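Every number here is computed from the coordinates shown, using simple stated rules; none is lab data. Small disclaimer: the values here were computed from a predicted structure and weren't measured. Here the Cβ is made from the backbone with ideal geometry for all residues, glycine too, and neighbour counts use every protein chain on show.
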Amino acid sequence: MAEIDPAFIQAPECRSKPKVIETDEIPVIDLSNDTKEVVLEIGEACKTWGFFQVINHGVSLELLSRMKKTSKEFFDLPMEEKKLAKRDEVNPLGYYDCEHTKNVRDWKEVFDMLAKDPTFVPASHEPDDTQLRTIRNQWPAHPPEFRDVCEEYAGEVEKLAYKILELISLSLGLPGDRLHSCFKDQISFLRVNHYPACPFPELALGVGRHKDGGALTVLAQDEVGGLEVRRKSDGVWIPVKPVPDAFIINLGDATQVWSNDRYESPEHRVVVNSEKERFSIPFFFFPAHYVMLKPLEELVNEQNPARYREFNWGKFFVSRNRSDFKKREVWSNERYESAEHRVVVNSEKERFSIPFFFFFPVHYVMLKPLEELVNEQNPARYREFNWGKFFVYRNRSDFKKRDVENVQIYHFKIL
Ligand SMILES: O=C(O)CCC(=O)C(=O)O
C-alpha cells in the first residue's frame, strides 16, 4: 500500500475510531406538517443538536438527481481538465483539491460557486480597510450542462434556506421575516464535495472537525454516509445517517450569536470510507458582508444580557477564510522539527526575556526541502513556497487563530 502524505494525518485525538455509534437521534422533520408543529420540532432540534434533516422540503427531486449526476461527471474528468477551473489566490471560486481544515489537509476535492455572481466581500481582514473585493464564479467547459444545473439547483436550495430561516425565527418567538434583510446582498455559496475512497480511514478525515460560520447550511448527501456531529452532552461523534431525498440542516455561528447562545453552532466532521467514494453538496447561507452580528435585541434583557459584542460578519468571514499554509519544518524535510513552546506567567514576579530571531531569510527565498535530503525513499514533504509571503501571513496579528484554529466567535464573547 502506498504511504500517506503526512499533510493528511490527523492528530491522534482527532482521528475517527473504527467502532461506529448506531443511533437515530438526529431529528428528521417533515416540512409538510402543520407549521406550528414544525416550528416546535425545529426549536427542539436547534436546542439539542443544532442539526436536523428535513423531508418534503419542496426542492425538486429530479433537479437534485441531475445535480448529483453532473457533479459526478465533473469530478470524473481528468485532473488537467478540472484544473482549468482551479481556484487561486485571486479567484477563490471553482475547483480545488488542497483544502485544509485546522492546518490538516482534507481528503477531498471541491467545486465552489457563488449564489450571487458577482459577490462583494471585504478586500482584507484589517478592521480599518473599507475596500471591497469583487469575486466571480468560474465554470468548467465540461460537463456542458454543469453550470446551468448548478445555478438552477443553488436557486432552489436558497429558497429552502429562507424557509428554514423563517421557521428558526418563529421558533425563537420572532416574526418569520425578522432576519431576511440581512441576506439582501448575501455572500452565500454552494460547494460540491467529492471524497474519493481513502485507504487510510484511521489517519485521515474527509473534513476535519469544524463549525460553519454563517446562518445555516443546507446539505445534500448521497447514501454512503460519513458526516458526524459532536453530541453536546458527552462529546461523542454521532453519524448523521443518510435519509433518502432529505436535506440536512445545520446551524452556523451567526445563528448562535443572533440567538444569544440559545441555539449553538454544532461541531461536525466527515470520516472517509476505504471502499466507496462519497459526494455531498452544502449550500452555505451567509449574510451580506456589511451585516453587524450581535444578539437580537428581542432576545436580550437584564436576566439574559448580550453574550457577544457586535462584530462585522464580512471581516469575520474573510478572517476565517484566509487559507492555512501548512507551516512546518521544511528545509530538513521533517528530519528536524520546529518545537512548539509557550510561556507561563508568574503570579508574583515579573520576568524579562530577549529573543533574537535567528535568522529570518531574505523575503524572496523560496522554501522547500534541501535537495541533498530528498530521495526516492524520502521524497519532498513540502511544495516550494515563498518565505516572505509566509512571514507576512503569519504576522498579520489580530485574531488568535493561526496555528490550528481559525478565528472563532468566542473571540467576541463578552462573558
Ligand atoms: O460532506 C459533508 O457531509 C459535510 C461537509 C462539510 O461539513 C463542509 O463542506 O464544510
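Excluding same-chain residues fewer than 8 positions from K36, which lysines have a Cα within less than 23 Å of its Cα?
K47, K159, K163
Excluding residues fewer than 8 places away in the same chain, name every one of the aspartates and glutamates whose C-alpha is closer than 13 Å to that of K389.
Of all the aspartates and glutamates, those that pass the test against K389 - Cα under 13 Å, at least 8 places apart if same chain - are E89, D324.
Between their Cα atoms, which of K68/K315; K86/K241; K83/K108; K116/K315; K68/K184 are more than 22 Å away from each other?
Working: K68/K315 33 Å; K86/K241 32 Å; K83/K108 15 Å; K116/K315 19 Å; K68/K184 28 Å.
Going by Cα-Cα distance, K68/K315; K86/K241; K68/K184 fall outside the 22 Å limit.
Take the Cα gyration tensor of region 203-272, multiply each eigenvalue by 5, square-root it, and list the three semi-axes largest first, rounded to whole angstrom. Intermediate results must be reported in sequence, preceding the final value.
Values: eigenvalues 88, 44, 23 Å².
Whole-Å semi-axes of the equivalent ellipsoid: 21, 15, 11.
If eta is 1.002 mPa s and T is 20 °C, what Stokes-Einstein diffusion coefficient results for the chain, Kirkwood Rh from Cα pairs, in µm²/s?
On the way: Rh = 23.1 Å.
Stokes-Einstein gives a translational diffusion coefficient of 93 µm²/s.
Residue separation times 0.36 nm, minus the C-alpha to C-alpha distance between I9 and L370: what's the value? Display every interim value, and only then the final one.
Details: separation 361, 0.36 × 361 = 129.96 nm, distance 2.28 nm.
Net length gain for the segment: 127.7 nm.
Based on the alpha carbons, how large is the Rg to Rh ratio for region 94-214 when Rh follows Kirkwood? Please report the intermediate quantities before stating the final value.
Values: Rg = 17.5 Å, Rh = 17.2 Å.
When Rh is taken as the Kirkwood radius, the ratio is 1.02.
Subtracting the Cα-Cα distance from 0.36 nm times the residue separation, let me have the gained length for E80 to K232 in nm, one decimal. The partial results should precede the final answer.
Details: separation 152, 0.36 × 152 = 54.72 nm, distance 4.30 nm.
Difference between extended and current length: 50.4 nm.
Would you mind telling me the antiparallel percentage of the DSSP bridges in the chain, rounded to 5?
Numbers: 49 of 53 bridges.
Bridges in the chain are about 90 percent antiparallel.
Residue by residue through region 173-190, what is 3J(HN,Hα) from phi via Karplus (6.51 cos²θ - 1.76 cosθ + 1.60, θ = phi - 60°)? Round to whole Hz and write x for glycine and proline.
Once rounded to whole Hz, the list reads x, 10, x, x, 9, 3, 9, 4, 5, 5, 10, 4, 10, 4, 10, 4, 9, 9.
Which far-off residues, 5 or more places away or on another chain, put their amide H under 5 Å from the one on T101, with H placed in the peptide plane?
Close amide H contacts, sequence-distant or interchain: D106, G208.
Take the chain, connect every pair of alpha-carbon atoms lying under 10 Å apart with a spring to form a Gaussian network, then pick out the residue of V240, V104, V362 with the largest mean-square fluctuation.
Among V240, V104, V362, the largest GNM mean-square fluctuation belongs to V362.
Above 27 Å lies some portion of the pair distances; for region 15-143, what is it as a whole percent of all C-alpha pairs? Mind showing how you got there, number by number?
Numbers: 4107 of 8256 pairs.
That fraction is 50 percent.
Which value in nm describes the separation of the simple spin-label points at N321 and T35, placed 7 Å from the Cα toward the beta carbon?
The answer from the label model is 3.3 nm.
Can you run the Rg to Rh ratio on region 87-137? Use alpha carbon positions and the Kirkwood inverse-distance Rh. Don't skip to the end; give the middle numbers.
Working: Rg = 13.0 Å, Rh = 12.5 Å.
Dividing the radius of gyration by the Kirkwood radius yields 1.04.
Mind checking the full-extension length gain between E202 and S353? Use 0.36 nm per residue of separation minus the Cα-Cα distance, one decimal, nm.
50.1 nm
Within a 10 angstrom radius of the beta carbon, how do F8, F285, F360 rank from fewest other beta carbons to most?
Values: F8 17, F285 28, F360 10.
With the fewest neighbours first, F8, F285, F360 line up as F360, F8, F285.
Which of the aspartates and glutamates could a cross-linker bridge to K17, judged by Cα under 13 Å and excluding same-chain residues fewer than eight apart?
E202, E228
Calculate for the chain the 222 nm mean residue ellipticity that helices alone would give, adding -39,500 (n - 2.57) per DSSP H run of length 4 or more and normalising by residue count, nearest 500 deg cm²/dmol. Intermediate results must be reported in sequence, preceding the final value.
On the way: 7 runs with 83 residues, N = 415.
That calculation yields -6000 deg cm²/dmol at 222 nm.
Top mean-square fluctuation among E264, E348, E298, Gaussian network model of the chain, C-alpha springs under 10 Å?
E348
For an R0 of 45 angstrom, estimate the FRET efficiency from the Cβ-Cβ distance between E25 and D148 and round to the nearest 0.05.
E(calc), rounded to 0.05, equals 0.70.
Per the Debye formula with a single identical scatterer at each Cα and no solvent contribution, what log10 I(q)/I(0) holds for region 194-241 at q = 0.18, 0.19, 0.28 Å⁻¹?
For region 194-241, the Cα-only Debye profile gives -0.74, -0.82, -1.37.
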